[in-house]
1. Indicate the gyration tensor shape class of the stretch 83-124 (rounded, prolate or oblate), computed on the Cα atoms with a ≥ b ≥ c the square roots of the eigenvalues: a/c under 1.5 is rounded; otherwise a/b larger than b/c is prolate and the rest oblate.
2. Among Leu212, Leu161, Leu150, whose mean-square fluctuation peaks in a Gaussian network model of the chain (Cα, cutoff 10 Å)?
3. Tell me, Kirkwood radius of the stretch 106-206 from alpha-carbon pair distances, in Å?
4. Over the chain, what relative contact order in percent results from Cα pairs under 8 Å that are six or more residues apart?
5. Distance check, please: which entries in Lys96/Lys188; Lys38/Lys96; Lys29/Lys188; Lys127/Lys209 exceed 22 angstrom between their Cα atoms?
6. If you build a Gaussian network model of the chain, linking Cα atoms that sit under 10 Å apart, which residue out of Asp239, Asp42, Asp222 swings the most?
7. How would the stretch 1-137 be classified by its alpha-carbon gyration tensor: rounded, prolate or oblate, with rounded meaning a/c under 1.5 and the a/b versus b/c comparison settling the rest?
8. Order 223-232, 165-174 from most to least packed using the mean count of other Cβ atoms within 10 Å.
Amino acid sequence: MIRYDVADAVATITLDRPEAMNSLTVEAKQALHDALRKAAHDRAVRAVLLTGAGRAFCAGQDLREHAENLESGRGLANTVRLHYNPIIELISTMPKPVVAAVNGVAAGAGASLAFACDLRVASERAKFALAFAGIGLAPDSGASWTLQRLVGQGRAAELMLLGEPVDAARALELGLVNRVVPADEVVKAATDLAARLAQGPTLAYAATKRALAYAATHALADSLALEADLQDQCAATQDHRNATRAFLAKEQPTFSGE
């Protein structure tokens, strides 16, 4: 259901329900959250890769389970608050970079998972669909926050209200993804990118994520103040000291993540 592997300081988390396009049941959501939390707290992990098995990245909520909840009167069964919100918050605030390898369809909450990651590498066969309105629902899983920061409020409204699928080329043009590669290269390309980040200044990456999130909702003066605080913290790291010495010696720095 969820595969978890660590190699070269990269934790690879794979949604593994290919027969159901990696749609998310309660059990899958709990397992995904557990895997993300494990990666976030493991000091040996310095970057995370999120992908899906088979032809889909993630088709979002498992609609069979959802339909059963509706029929039994449980509605959404509080899954947004109990499951989706904690998953998205964990990806977004994790003090290490998260890369999505979007190998196929990313729909609904599946698209939101990709948008919450720091970088997205997409297969040329990937498609994104904000399908919430199509089934009479509002957006969830942070899409209203992440999407407009990627493409702007006007484009976000268009994608959410119309729900029209976006192919990989259009996604690259809009800024939904960072790179598009051939289908058989997407996992390798994303893994290479995650491995590169895993060898970088992990604490500086964490500070960068925090600064970006803060500046998105705060005034310039407040953002400048936080930048100063974060810079003081980074200046005290071993990575900064070593990188400064390497620069002066005209050498390539080696980062330990400390």
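1. Details: a/c = 3.54, a/b = 1.33, b/c = 2.65.
Since a/c reaches 1.5 but b/c is at least a/b, the shape of the stretch 83-124 is classed as oblate.
2. Leu212
3. Numbers: mean 1/r = 0.0705 Å⁻¹.
Its Kirkwood hydrodynamic radius stands at 14.2 Å.
4. Values: 485 pairs, mean separation 44.4, N = 258.
This gives 17 percent for the chain.
5. Going by Cα-Cα distance, Lys29/Lys188; Lys127/Lys209 fall outside the 22 Å limit.
6. Asp222
7. Values: a/c = 1.89, a/b = 1.46, b/c = 1.30.
Prolate, because a/c is 1.5 or more and a/b exceeds b/c.
8. Details: 223-232: 13.5, 165-174: 17.5.
Highest-to-lowest ranking by the protection proxy: 165-174, 223-232.
The values are calculated or read from the model by the stated rules, or taken from the named source; none is laboratory data. These numbers were taken from a predicted model, which means no experiment stands behind them. Note that each Cβ is placed from the backbone with ideal geometry, even for glycine, and that neighbours are counted across all protein chains shown. We work out accessible area using only protein heavy atoms, side chains counted, and drop any ligands, DNA or RNA first. Shrake-Rupley method; radii C 1.70, N 1.55, O 1.52, S 1.80 Å.
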